[in-house]
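Colleague: Input: one structure, supplied below.
The values are calculated or read from the model by the stated rules, or taken from the named source; none is laboratory data. Keep in mind that this is a model prediction, so the values were computed, not measured. Every residue, glycine as well, gets a Cβ built from its backbone with ideal geometry; the counts of neighbours run over all protein chains shown.
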Amino acid sequence: MSDQNSSANNIVRPDELMAELDLKKSTYYDDLNYLGIKADKDENQRAYLTNDQANQVRALRSHVSRTGKRDGFESGALTVSSNNELATNQDTNDSEATNIYVQKEEPTASVDSDIVREAKELAARGMAMNDLLKIQLASKMTFDDLDADLKEKVAIALSEPKLHPKPTQ
């Protein structure tokens with residue numbers, strides 16, 4: 001019975017790890033696949049990871065939050081490339097020299113989020129600009145500036161008693 005308790009201390013359940021890292025199932029299983037980890041099952045057929053495996057997933061998530069991608073993740077002396085091949089690094093202090101895989105770079109991975117926000121604000125302003133110009137121009141116009149057909153519509157609207165009730169005395 002003490003063996004069972006000691007082994008329970010060295011395991012992490014998928015649900016616990018997903019909750020801890022705020023992961024959806026698909027992301028969790030993609031991470032396991034990327035790392036080449038296959039979860040073991042206990043005597044009750046419940047999946048679990050060892051603490052070492054869970055720490056690898058945590059480290060990968062930390063890498064993804066820093067870089068925005070899984071590619072180039074290093075765990076200990078191993079580097080995982082974009083095609084999921086492992087390369088053993090001789091000297092982990094010089095990872096660039098020992099990483100034999102060329103890393104793909106996302107074009108927006110290094111773009112500052114403030115720049116993206118400013119671009120969105122500029123796009124919104126451009127979308128609203130036509131309407132803002134129309135409102136500004138309309139506010140400066142008088143009855144004399146209107147075309148003949150529009151003057152007629154205004155005259156009809158003003159002549160309707162329903163639209164302009166007479167003040168009561």
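Colleague: Within region 24-41, work out how many residues are surrounded by 13 or more Cβ atoms within 10 Å (Cβ to Cβ) and either of a type in the set (S, T, N, Q) or in contact with an Asp or Glu (Cβ under 6 Å, 6 or more places away or on another chain) (or both).
Modeller: Number of matching residues: 1.
Colleague: Please pick out the residue among GLU105, GLU96 that is acidic (Asp, Glu), in a loop (DSSP other than H, G, I, E, B) and either at pLDDT below 65 or in contact with a helix residue (DSSP H, G or I) (Cβ under 8 Å, 6 or more places away or on another chain) (or both). Steps first, answer last, please.
Modeller: Working: GLU96 fails: in a loop (DSSP other than H, G, I, E, B).
After applying the criteria, what remains is GLU105.
Colleague: For region 155-164, state whether one or more residues are touching a helix residue (DSSP H, G or I) at 6+ places or on another chain (Cβ under 9 Å), at pLDDT below 80 and closer than 30 Å to ASP30 by Cβ.
Modeller: Within region 155-164 (the criterion being touching a helix residue (DSSP H, G or I) at 6+ places or on another chain (Cβ under 9 Å), at pLDDT below 80 and closer than 30 Å to ASP30 by Cβ), the answer is no, since none of the residues qualifies.
Colleague: Being at pLDDT 85 or above, over 23 Å from the mean Cα position of the chain (by Cα) and not acidic (Asp, Glu) is the requirement here; does ASN44 meet it? Reasoning before the result, please.
Modeller: Numbers: at pLDDT 85 or above: yes; over 23 Å from the mean Cα position of the chain (by Cα): yes; not acidic (Asp, Glu): yes.
So ASN44 passes the test.
Colleague: For the subset of region 42-68 comprising residues that are part of a helix (DSSP H, G or I) and of a type in the set (A, V, I, L, M), which member is surrounded by the most Cβ atoms within 10 Å (Cβ to Cβ)?
Modeller: Out of the qualifying residues, it is VAL57.
Colleague: List the pairs whose first member sits in region 13-33 and is part of a helix (DSSP H, G or I), whose second member is surrounded by fewer than 16 Cβ atoms within 10 Å (Cβ to Cβ) and aliphatic (A, V, I, L, M), and whose Cβ atoms are under 8 Å apart, counting only residues at least 6 apart or on separate chains?
Modeller: PRO14/ALA47
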